[in-house]
Amino acid sequence: MSQLSLSIPLITIPILSALSSFILIFCLRFLDVFEREPYKYILFNFILGIVAYPLSISIYSNLSNFSNLSTIAIENSDIRIYISVVLSSIIMLISQLIAGLISFQLSKRQYDTVTDYIIYFSTIGIGYNFSEVFFYHYLNKTTNSGLLELSQNLYYSCFFSGTTLPFIMAGIGIGIYFTRISNKKNILLLGYILLIFSLLVQILYYSMNFFIMTGISSSTSPSDFISLIKEIKFFANSLSIMLLISGVGFAVLFDNFIISNFLNKVFTYSKINNTIIQKLNFLYNPLSYILSNRFRSILKITEDSYISDFDLKRLAKLALKNFNDNNNTSIYINEANSIINKIN
């Protein structure tokens, strides 16, 4: 078999895996009513995720060699193997979190809304999963002695298991957003719960590798037991997707809340006649900021174009600025008035 025939599936499999995930991310990007994330930052986070995987492999490999963990796992009880599995899963999670923190520190200005956190953190997870899928298939075909030795050293770990859960990072992103935007105890608690839940789901998914490797079974047959393990992993994967879908729904509702709250302030504290307010009722619909005038007319969101797409985006950004900076609400209301007063 030619080298080309081997390399084609090696490249296409992780690409297809990443592409299916990116479809969801770009759908969320389309729904962002404030400012759609630049492709270069999405690509940057994707690369961060790709790089994080081999770095986490290196960290675990060095730690395993230093502590002789692989040998201990082979020579001792199953509990040592489980420790190896959990330790490697924690390292994998921490490496993705560090990648997220690096991204946040290098591009703080891009992290304005919950949508930004979901997209950028999920993209890191997609990149990490891309590396996992690539190395999994590459090591199954390689004849390089060094890589084969590395694979053997990491046998009792979660590395090279075939896939990770990229959308767990969506839950982590939402949790971090909650902990940053509010000092209220209930919001902070919800943020911490999301963070802990996301981490536990990922560990649950990784931990199933322990049962697959050791072949433990109870009274059921081995085939039934493996089926049970697969179902648990599928359940964890479903929870990962649930976090993303829930995050998308929350992001849309929360964006609508930010805009509606700002419009209420504008209409309440400004001298705008009722005729203009009735013309602008469609602004409460978040689709107004996503779609062009033509599409809004087709969808019957508004019959006439009372305001340009450019001014709509300006209003949305003012609403976001007001949410993040309540001390200058009057300034943002005045700027909104200058836009609205152009309407006849």
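How high is the FRET efficiency from residue 79 to residue 43, r the C-beta distance, R0 41 Å, rounded to 0.05? Don't skip to the answer; put the middle values down first.
Values: r = 42 Å, r/R0 = 1.03.
Calculated transfer efficiency: 0.45.
Using a Förster distance of 25 Å, how high is the FRET efficiency between residue 326 and residue 105, based on the Cβ-Cβ distance and rounded to 0.05?
0.50
Going down the list 321/342; 265/317; 108/265; 108/317, which pairs span over 19 Å between their C-alpha atoms? Write out the running numbers ahead of the final one.
Values: 321/342 21 Å; 265/317 15 Å; 108/265 28 Å; 108/317 17 Å.
Correct reply: 321/342; 108/265.
With all protein chains present, calculate the accessible area of residue 181 using a 1.4 Å probe and round the result to the nearest 10 Å².
60
Round to the nearest 0.05 the FRET efficiency obtained for residue 12 and residue 35 when R0 = 35 Å and r is the Cβ-Cβ distance. Please report the intermediate quantities before stating the final value.
Values: r = 33 Å, r/R0 = 0.95.
Result of the calculation: an efficiency of 0.55.
Pulled fully out, how much extra length does the chain show between residue 186 and residue 62, if you take 0.36 nm times their separation in residues and subtract their Cα-Cα distance?
On the way: separation 124, 0.36 × 124 = 44.64 nm, distance 4.11 nm.
So the chain would gain 40.5 nm between residue 186 and residue 62.
Please give the length that would be gained between residue 19 and residue 287 if that part of the chain were fully extended, namely 0.36 nm times their separation in residues minus their C-alpha to C-alpha distance (nm, one decimal). Let's see the in-between values first.
On the way: separation 268, 0.36 × 268 = 96.48 nm, distance 2.59 nm.
Computed gain between residue 19 and residue 287 is 93.9 nm.
The values are calculated or read from the model by the stated rules, or taken from the named source; none is laboratory data. Note that the coordinates shown come from a computational prediction; the quantities given were computed from them, not determined experimentally. When we count neighbours, we look across all protein chains shown, and the Cβ atoms used for this are built from the backbone with ideal geometry, even at glycine. Side chains are part of the model used for accessible areas, which takes the heavy atoms of the whole protein and leaves out ligands, DNA and RNA. Shrake-Rupley method; radii C 1.70, N 1.55, O 1.52, S 1.80 Å.
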